[in-house]
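The values are calculated or read from the model by the stated rules, or taken from the named source; none is laboratory data. Since the model is a prediction, treat every value here as computed from it, not as a measurement. Calculation scope for accessible area: heavy atoms of the full protein, side chains included, ligands and nucleic acids excluded. Shrake-Rupley method; radii C 1.70, N 1.55, O 1.52, S 1.80 Å.
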Amino acid sequence: MKKRRETPQKKARKSGYEAKFEMMVKEYQSEKELLDSMKEGTADYNKQKKHCDSLFAKAEKFFKQHQ
């Protein structure tokens, strides 16, 4: 009987999670740069800040789930 090949599949899945997390972090960083260039207190700034907070929360939740 053949030995089951479970280990490589787990590694492949983990690298997929890492790639997705990396993409989430890059998106957050680019949006954060845009936020930093805006003037504080404006309506656009507040909207962008909420968006950045949302992206950060999603990335944090994703990281905790796949740790």
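For the range 28-43, take each phi angle, set θ = phi - 60°, evaluate the Karplus expression 6.51 cos²θ - 1.76 cosθ + 1.60, and give the result in whole Hz per residue in order, putting x for glycine and proline.
4, 4, 5, 5, 5, 4, 4, 4, 5, 7, 7, 7, 6, x, 7, 5
Which Rg and Dmax, in Å, describe the Cα atoms of the range 19-67?
In order Rg, Dmax, the Cα atoms of the range 19-67 give 11.9, 37 Å.
Using the Karplus equation 6.51 cos²θ - 1.76 cosθ + 1.60 (θ = phi - 60°), what ³J(HN,Hα) coupling, rounded to whole Hz, does each residue of the range 46-54 give in order, writing x for Gly and Pro?
Ordered by residue, 3J(HN,Hα) equals 5, 5, 5, 5, 4, 5, 5, 4, 5 Hz.
May I ask you to give the solvent-accessible area per residue for the range 12-58, in square angstrom, as obtained with a 1.4 angstrom probe?
Normalised by residue count, the accessible surface of the range 12-58 is 81 Å².
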